[in-house]
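Reviewing the structure listed below.
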Amino acid sequence: MKIVISGFYGLGNTGDEAILESIVDNLKDELDNPDLTVFSLSPKKTAETYGVKSVYRGWRHDFKGKVKALREADLLISGGGGLLQDTYPTKFLFGPLPYYLLIVFLAKLCGTKVMFFSQGIGPVNSTWGKILMKVFANMANFITVRDQHSKDLLHKLGVNRPESVVTADIVFAFQKKEDTACIDSLPLKGDEKLVAVSVRPWFQHTDHYKQIGIALDQLIEEEGITPVFVPMEGHHDVKASNFVLEHMKHGDRCYVLGPDFLPNQYLNFISNCDLTIGLRLHSLIFSALVAVPHIGISYDKKVESLLKRSGMWTYSFPLETLDAAQLVDNSKKVLANHAELKAMIETNAQGMRRDALENIDMMKERFLK
């Protein structure tokens, strides 16, 4: 079976690269010698890393390569991740939402079937974005989404023609391989109470850097934690981590991991932590996957949806209401009830892993020749 995979690949985002690795590994496990081509901004690196074919994803180069790949394919997998959204500016043909929908349109012109795969939909607030969704998303043959909010939004936007099914983020089917590169890179003694911290820039919001910094200082003093910042999107998250450190008096007792580790390496590091405090969705998914209790700071419905499914929303916050004192209090509660919460998360994650694998099973049922 020949499959083209379209997503936010080759740009160094750990969450999206984890999505791609999960898709590729599980397709190779479940299909007989699949022929996989990934649209990537770094096609050579993607091909070498995942053992696939790869074509440059942008419109400016190798348009013929994209058309050739789609003409020869049995299926376009669009996803996973939050591709169909207009959080970032969406103009006539520019922005993530038009790009991914035009790839779908191109696939249909080439006679190729389309599956939206384990996607998180929205937000879609612009008039142009809503028009594009209604016209082009209805061209898909089948849709799986990672949460109920995404399915509800699809229907609200008038995307009713293809069947849509709620599953889970495909990263819950990630195949973890033992790798100690991250923890080996740090000058640790081995008896630290490690707390993974994942922060990101988010438009005009900056107060979260201060609130997290104040909370980490207090937790260092009162709980003896060792915070380790995990930059899930390269230099962007390193910069955000440094903004937090600027607000701390105990910044010298923190570490920042390098920005170039692989998703599997970050996952292995988080598995050694007692707690994760995170904005990045996939830092929280990684935590749930390895049953590490986590406190999320939700800047988007997708984060809240994940935290409700993992069971940790009670301890988490919307970004706008984040408060250092409450974050300290919740962190202490989580650490005090670590074993009980770990067991709950492990059970919930097993359910989400089964749901994630449904993405592969339903793809086989509907498209395997």
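The values are calculated or read from the model by the stated rules, or taken from the named source; none is laboratory data. Just so it is clear, the model here is predicted, and its values are computed rather than measured. Quick reminder, even Gly has a Cβ in these numbers, built from the backbone with ideal geometry, and neighbours come from all protein chains shown. To get the accessible areas, we keep the full protein, side chains included, count just its heavy atoms, and leave off ligands, DNA and RNA. Shrake-Rupley method; radii C 1.70, N 1.55, O 1.52, S 1.80 Å.
What helices (runs of 4 or more DSSP H) lie completely within region 123-195 and have 2 or more residues being in contact (Cβ under 8 Å) with a residue 60 or more places away in the chain and within 30 Å of Tyr255 (Cα to Cα)? Working first, answer last.
Numbers: elements: 127-136, 148-156, 181-184.
The qualifying helices (runs of 4 or more DSSP H) are 181-184.
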For region 291-310, indicate whether the set of residues that are aromatic (Phe, Trp, Tyr), within 26 Å of Leu84 (Cα to Cα) and under 14 Å from the mean Cα position of the chain (by Cα) is non-empty.
-> yes
Contacts under 9 angstrom Cβ, first residue in region 308-321 being over 19 Å from Asn348 (Cβ atoms), partner polar (S, T, N, Q) and surrounded by 17 or more Cβ atoms within 10 Å (Cβ to Cβ), 6 or more apart = Phe317/Ser298; Phe317/Asn330; Pro318/Ser298; Leu319/Ser298
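Would you say Leu335 is within 25 Å of Leu84 (Cα to Cα) and either touching a helix residue (DSSP H, G or I) at 6+ places or on another chain (Cβ under 7 Å) or buried (at least 21 other Cβ atoms within 10 Å of the Cβ) (or both)?
Values: within 25 Å of Leu84 (Cα to Cα): no; either touching a helix residue (DSSP H, G or I) at 6+ places or on another chain (Cβ under 7 Å) or buried (at least 21 other Cβ atoms within 10 Å of the Cβ) (or both): yes.
Here the answer is no, as Leu335 does not meet what is asked.
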If we scan region 81-99, do we find a residue that is more than 27 Å from Trp59 (Cα to Cα), open to solvent by 40 Å² or more (accessible area, probe 1.4 Å) and free of Cβ contacts under 8 Å to residues at least 12 places away in the same chain?
-> no
Selection over region 8-33 where residues are outside any helix (DSSP H, G or I), buried (at least 16 other Cβ atoms within 10 Å of the Cβ) and on the phi < 0 side of the Ramachandran plot yields a count of 4
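Is it true that some residue in region 274-282 is surrounded by fewer than 22 Cβ atoms within 10 Å (Cβ to Cβ) and out of contact with any strand residue (DSSP E or B) (no Cβ under 9 Å at 6 or more places or on another chain)?
First pass over region 274-282, keeping only residues surrounded by fewer than 22 Cβ atoms within 10 Å (Cβ to Cβ): 274.
Among the residues that remain, those that are also out of contact with any strand residue (DSSP E or B) (no Cβ under 9 Å at 6 or more places or on another chain) are: none.
Looking through region 274-282, none of the residues is surrounded by fewer than 22 Cβ atoms within 10 Å (Cβ to Cβ) and out of contact with any strand residue (DSSP E or B) (no Cβ under 9 Å at 6 or more places or on another chain).
Output the helices (runs of 4 or more DSSP H) that fall wholly within region 212-307 and possess 2 or more residues being in contact (Cβ under 8 Å) with a residue 60 or more places away in the chain, or say none. Show your work before the answer.
Numbers: elements: 234-246, 263-270, 281-289.
Ranges flagged: 263-270, 281-289.
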